[in-house]
Amino acid sequence: MPLLKSWVASANDANHPFPLNNLPYGVFSVDGDDPRCGVAIGDLILDMQTAEEAGLVQLSDAPLFDVPYWNDVMEEGPAVWAALRERLTALLAEGAAEKDKVKPHLVAQADAELHMPFAVSEYTDFYAGKNHAFNVGTMFRGPENALPPNWLHIPIGYNGRASSVVVSGTDVRRPWGQLKGANDDKPRWAPCARFDIELEMGAIVGTPSDGPITVQEADDHIFGYVLLNDWSARDIQAWEYQPLGPFQAKAAATSISPWIVTKPALEPFRCSTPEREVELLEHLKDCGPMLYDIDLEVTMAPTGREATTIVRTNYKEMYYSAAQQLAHHTTSGCPMNAGDLLGSGTISGPVKESRGSLLELSWGGKEPLTLDTGEERSFIADGDTLTLKGAAKGDGYTIGFGDCTGTVLPALEDPYAR
Ligand code: MN
């Protein structure tokens, strides 16, 4: 599919993240007004609340855009999702008859503040990138026991906290926690000294389910995708993770990019999971290409200094698709809701610069990175800004995600000091 031309000129640049082919969904405010739903087109945002009030978009008997989140649209189901996309495409396409009626509802992205695009119902994080699991397993348990015996049969996950998910641009506070050094007998109470990123994609469930669903049904239920940074306190994690998995190490914050890129925008970039190393049980088998070819990057910038690109990888490095993760999530009968967020797991490629966490990049702190500024890093220093970027490259156009960024603030004074 080529570039779809829009009468919004900035949307027609081959490298612009928000062409008419994309139409990602966010929530914005201008000048401290109440946040409302918007759609990015080029450098502008279409205000869905006023566009609906003006009768330009009518998809349901009740208004869908009188609330500052996209969950109501998700709950309407795939027929309404498709009708909305078709209507937006018609309103914003080159030569649109209603161009003059649409213009008053556009605002500059430069003037807008972006908010959480949806209310996160629940948040689950997986561990479904094989290079990442192998690297981390090698560091924690040695190469012979790197992949646990279940790894090639199920996408391993844990139930995270919806309350800790924040939108890009939100500062992240370095947590305190219980830490144990390699040779000490006793744990100590201290600020995390090994604060890290995890480069992930987040899949957003749009269609609720109440019982086991197939991989194909799961793919149909997904509304869209965001970039996701699963901030991780490695020293807290190393002490607490056995036997029930991560807990406080992952609870400080999880950042997501501000625009939901919907499945139709990503359709041309579908690709298959890698060849299976062991045959999956029937209910998890691949049934079509359900990963996406999306280039991913991470940059790191010390306070007031230029950013260095520290990771370059691709979403297609995952071993399990989001559809397989969602299907697995429902096998017990676990109900899923519109707005459920599923983290993919850290996306690491096969070579060093494609590793999606500092834990892997610095190999547990043994091989510090040298930034372009000359500074060395094994983990995140106070004041560092970490930014995830994602883009799928089409024929004369780009599907961008909008950056997922966060600056790490120093730990507070000991919260338990008397
Ligand atoms: Mn993670």
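The values are calculated or read from the model by the stated rules, or taken from the named source; none is laboratory data. In this text, all values refer to a predicted model and were calculated from it rather than measured experimentally. All Cβ positions, even for glycine, are placed from backbone atoms using ideal geometry, and neighbour counts span all protein chains on display. Just so you know, the surface numbers come from the protein's heavy atoms only, side chains and all, with ligands and any DNA or RNA stripped out. Shrake-Rupley method; radii C 1.70, N 1.55, O 1.52, S 1.80 Å.
Where in the stretch 288-349 are there GluC sites (Glu not before Pro) that are in a DSSP coil and have at most 15 other Cβ atoms within 10 angstrom of their Cβ? Present the calculation step by step, with values, prior to reporting the outcome.
Values: sites: Glu297, Glu306, Glu317; in loops: Glu306.
Passing sites in the stretch 288-349 are Glu306.
What does the charge count around Asp66 come to, taking other residues whose C-beta lies under 11 Å from its C-beta (Lys +1, Arg +1, Asp -1, Glu -1)? Could you put the intermediate results ahead of the total?
Numbers: positive: Arg36; negative: Asp34, Glu52, Glu53, Asp72.
For residues surrounding Asp66, the net value is -3.
Who wins for biggest fluctuation among Gly400, Gly157, Gly211 in a Gaussian network model of the chain, springs between alpha carbons below 10 Å?
Largest GNM mean-square fluctuation: Gly211.
Non-local amide H neighbours of His16 (under 5 Å, H modeled in plane, Pro and chain starts lacking H): which ones?
Hits under the 5 Å cutoff: Thr398.
Could you put Glu144, Glu98, Glu267 in order of accessible surface area, largest first, with the 1.4 Å probe and the full protein assembly present?
On the way: Glu144 150, Glu98 55, Glu267 90 Å².
The most accessible residue leads, giving Glu144, Glu267, Glu98.
Springs between alpha-carbon atoms under 10 Å, Gaussian network over the chain: tell me which of Glu279, Glu76, Glu240 tops the mean-square fluctuations.
In this elastic network of the chain, the residue with the biggest mean-square fluctuation among Glu279, Glu76, Glu240 is Glu279.
In whole percent, what relative contact order does the chain give with Cα contacts below 8 Å and a gap of six or more residues?
Working: 1022 pairs, mean separation 89.4, N = 418.
Answer for the chain is 21 percent.
Just to be sure I understand the rule: take each whole DSSP H helix in the chain, project its Cα atoms onto its long axis, keep it if the span is 20 Å or more and its mean Kyte-Doolittle hydropathy is at least 0.5. Which ones pass? Spell out each step's value before the answer.
Numbers: long enough: 78-92 (21 Å, 0.73).
Answer set is 78-92.
Which value, in debye to the nearest 20, gives the size of the charge dipole of the stretch 295-386 about its Cα centre, when Lys and Arg are +1 and Asp and Glu are -1 at the Cβ?
Values: 7 positive and 13 negative charges, 62 e Å.
The dipole of the stretch 295-386 has a size of about 300 debye.
Heavy-atom accessible area of Val30 with all protein chains present, probe 1.4 Å, nearest 10 Å²?
So the heavy atoms of Val30 present about 30 Å² to solvent.
Leaving out same-chain residues fewer than 8 places away, which aspartates and glutamates sit with a Cα under 18 Å from that of Lys101?
The qualifying aspartates and glutamates are Asp47, Glu52, Glu53, Glu86.
Rounded to whole Hz and in sequence order, give me ³J(HN,Hα) for the stretch 52-65 from the Karplus expression 6.51 cos²θ - 1.76 cosθ + 1.60, θ = phi - 60°, writing x for Gly and Pro.
Karplus-based 3J(HN,Hα) across the stretch 52-65 equals 5, 4, 7, x, 6, 10, 9, 10, 8, 5, 9, x, 9, 10 Hz.
Loop-only check: which trypsin sites (Lys or Arg not before Pro) in the stretch 301-376 are DSSP coil with at most 12 other Cβ within 10 angstrom? Can you show the working numbers first?
Details: sites: Arg305, Arg312, Lys316, Lys352, Arg355, Lys366; in loops: Arg305, Arg355, Lys366.
When the trypsin sites (Lys or Arg not before Pro) of the stretch 301-376 are filtered for loop state and at most 12 Cβ neighbours within 10 Å, Lys366 remain.
Just going by the charge dipole of the chain, with Lys and Arg at +1 and Asp and Glu at -1 on Cβ, which of Tyr123, Val311, Ala162 is farthest out on the positive end?
Val311
Nearest-5 percent of antiparallel DSSP beta bridges in the chain? Intermediate results must be reported in sequence, preceding the final value.
Details: 66 of 75 bridges.
Approximately 90 percent, going by the DSSP bridge assignments.
Would you work out which of Pro350, Gly394, Trp81 lies farthest towards the positive end of the dipole of the chain, given +1 charges on the beta-carbon of Lys and Arg and -1 on that of Asp and Glu, about the Cα centre?
Pro350
Work out how much length Asn150 to Asp171 would gain on full extension: take 0.36 nm times their residue separation and subtract the Cα-Cα distance, in nm to one decimal.
Values: separation 21, 0.36 × 21 = 7.56 nm, distance 3.62 nm.
That works out to 3.9 nm of additional length.
Once Lys and Arg get +1 and Asp and Glu get -1 on their Cβ, which of Ser60, Gly38, Ala96 lies farthest toward the positive end of the dipole of the stretch 9-115?
Sorting the options by dipole projection puts first Ala96.
For the chain, modelled as a GNM with alpha-carbon contacts under 10 angstrom, which of Asp395, Asp382, Asp220 fluctuates the most?
So, out of Asp395, Asp382, Asp220, the one fluctuating most is Asp395.
So how much slack lies between Asn159 and Ala14, counting 0.36 nm per residue of separation and subtracting their Cα-Cα distance, in nm?
My answer for the length gained is 48.3 nm.
From the helices alone, meaning DSSP H stretches of at least four residues, give me the mean residue ellipticity at 222 nm for the chain, per-run term -39500 (n - 2.57), in deg cm²/dmol to the nearest 500.
About -4500 deg cm²/dmol.
With +1 on each Lys and Arg Cβ and -1 on each Asp and Glu Cβ, and nothing else charged, work out how big the dipole of the stretch 123-409 is about its Cα centre, in Debye to the nearest 20. Numbers along the way, then the final one.
Numbers: 24 positive and 37 negative charges, 119 e Å.
With Lys and Arg at +1 and Asp and Glu at -1, about 580 debye.
Using only alpha carbons, build the gyration tensor for the chain and give me the equivalent ellipsoid semi-axes, biggest first, whole Å. Can you show the working numbers first?
Values: eigenvalues 258, 123, 82 Å².
Over the Cα atoms of the chain, the ellipsoid semi-axes are 36, 25, 20 Å.
From the Cα gyration tensor of the stretch 1-130, with a ≥ b ≥ c the square roots of its eigenvalues, which class applies: rounded if a/c is under 1.5, or else prolate if a/b is larger than b/c, or else oblate? Each step should come with its number before you reach the end.
Values: a/c = 1.40, a/b = 1.20, b/c = 1.17.
Rounded, because the longest to shortest axis ratio a/c is under 1.5.
Using amide H atoms built 1.01 Å from N in the peptide plane, name the residues 5+ places from Ile41, or on other chains, whose amide H lies under 5 Å from its own.
Close amide H contacts, sequence-distant or interchain: Leu46.
Rounded, prolate or oblate: which one fits the stretch 291-418, using the alpha carbon gyration tensor with axes a ≥ b ≥ c (rounded when a/c is under 1.5, else prolate when a/b beats b/c, else oblate)?
Oblate is the answer for the stretch 291-418, as a/c is 1.5 or above yet b/c matches or exceeds a/b.
Sort His153, His328 from largest to smallest accessible area, using a 1.4 Å probe on the heavy atoms of the protein chains.
Working: His153 85, His328 45 Å².
Reading off the accessible areas and sorting them downward yields His153, His328.
May I ask you to list the lysines whose Cα is less than 17 Å away from that of Lys389, ignoring any residue fewer than eight positions away on the same chain?
Those lysines meeting the cut-off are Lys316.
Largest first, how would Leu59, Leu227 line up by accessible area (1.4 Å probe)?
Values: Leu59 45, Leu227 0 Å².
The residues order as Leu59, Leu227, largest area first.
Apply the Karplus parameterisation 6.51 cos²θ - 1.76 cosθ + 1.60, with θ equal to phi minus 60°, to every residue of the stretch 17-27 and state each ³J(HN,Hα) to the nearest whole Hz, in sequence, with x for glycine and proline.
So the J values, rounded to whole Hz, are x, 10, x, 4, 5, 9, 6, x, 9, x, 10.
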